[in-house]
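The values are calculated or read from the model by the stated rules, or taken from the named source; none is laboratory data. The structure displayed is predicted, hence computed values, not measured ones. Virtual Cβ from ideal backbone geometry, glycine too; neighbours counted across all protein chains shown. Only protein heavy atoms, including side chains, enter the accessible area calculation; ligands, DNA and RNA are left aside. Shrake-Rupley method; radii C 1.70, N 1.55, O 1.52, S 1.80 Å.
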Amino acid sequence: TFHSIFSRILRAEATFIGFTSQFTIYDTADSKSLLRSIIKEMGLDEKTYKPGVVQARISNAKNHLVTPTGYAANKEAYEGDMAVKMPAIRDIYVRYWERCRQADAMDFDDLLFYTFLLFHNHPEVLARYQELFRYVLVDEYQDTNYAQHCILCQLMKDREKQHICVVGDDAQSIYSFRGADIDNILNFTKVYPDTKVFKLEQNYRSTQTIVSAANSLIEKNQRRIRKEVFSEKDKGEPIGVYQAYSDVEEGDIVINKIAELRRQENYAYSDFAILYRTNAQSRVFEEAMRKRSMPYRIYGG
């Protein structure tokens, strides 16, 4: 990942940025804990200045490469903080930044920010890594943020020597809430004008009916890289859409459907699979199956 590579670079070059090579990396809980104590020290109300919300705003600033000084001077940021009744965020950010430095610690966002600052302030260090990383491959490029894009631009400055290949799908960009910037992939060919684009348009997993339905939805995106996705599998059955009022009702709909198909088609339990996105979602289905004494097995979690 970006974070693991950059943490290795930062440990090797720590003295350039005023850290030791043994610096600590704060996880989300450590970061929130430090913010909580800063909020308390400043006599602010924790109900207004929720550590999670403050952390998200500071994280967003760092991912846009905005220093505490830059944040404090930014009228738009201050007005945004005023609008949510948190005008002291700029002061919290300054203290948080200083306290991390005093503790010889970085949070996850710092791993990106300090790598950018290292390369920006020390061209001789950047030159070494440009020489080392002649070929760069980035996967899931639609999930990269502004800071990651800027660091790649630093490494790829010498277009004669450097080579970059990214893999991604703008239609799968779902992480804007945590800083992903879809412009990185949409504007890639403008940033790197000699780019060759290879479109992988054949879907090997789904029926043509499912692919066509997906295409019809994706076509509604105003800004996109055009693709004609197709499948050579059978057309397949029509897609069924069920609307549930709650997760509990959703569980009941799915389990009732399994019971109905077993009665009508004589299927075995092992003929069915329920796919869900996050582990927490399995509970509703489990409870619905237990109510009907239906056996089940959970895979991968």
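Please state which one of Lys157, Lys190, Lys196 is surrounded by fewer than 17 Cβ atoms within 10 Å (Cβ to Cβ) and at pLDDT below 90. Give the derivation first.
Numbers: Lys190 fails: at pLDDT below 90; Lys196 fails: at pLDDT below 90.
Answer to the selection: Lys157.
Residues checked against (1) in contact with a Pro (Cβ under 9 Å, 6 or more places away or on another chain); (2) modelled with pLDDT under 95; (3) farther than 30 Å from Asp183 by Cα; (4) not in a helix (DSSP H, G or I):
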position: Asn221; (1), (2), (3), (4): no, yes, no, yes
position: Ile225; (1), (2), (3), (4): no, yes, no, yes
position: Glu228; (1), (2), (3), (4): no, yes, no, yes
position: Asp234; (1), (2), (3), (4): no, yes, yes, yes
position: Arg262; (1), (2), (3), (4): no, yes, yes, no
position: Arg277; (1), (2), (3), (4): no, yes, no, yes
position: Arg297; (1), (2), (3), (4): no, yes, yes, yes
position: Gly300; (1), (2), (3), (4): no, yes, yes, yes
Q | Positions within the stretch 214-251 being open to solvent by less than 100 Å² (accessible area, probe 1.4 Å) and aromatic (Phe, Trp, Tyr), in sequence order | A | Phe230
Q: Starting from residues that are touching a residue at least 24 places away in the same chain (Cβ under 8 Å), within 18 Å of Leu126 (Cα to Cα) and in a helix (DSSP H, G or I), keep the ones in the stretch 1-48 and report whichever is most open to solvent (accessible area, probe 1.4 Å).
A: Phe16
Q | So Gln142, is it in contact with a His (Cβ under 8 Å, 6 or more places away or on another chain), on the phi < 0 side of the Ramachandran plot, of a type outside the set (Gly, Ala, Ser) and open to solvent by less than 30 Å² (accessible area, probe 1.4 Å) | A | no
Q: Can you tell me which residue within the stretch 136-187, out of those that are among the hydroxyl-bearing types (Ser, Thr, Tyr) and part of a loop (DSSP other than H, G, I, E, B), is nearest to Asn215 (Cα to Cα)?
A: Ser173
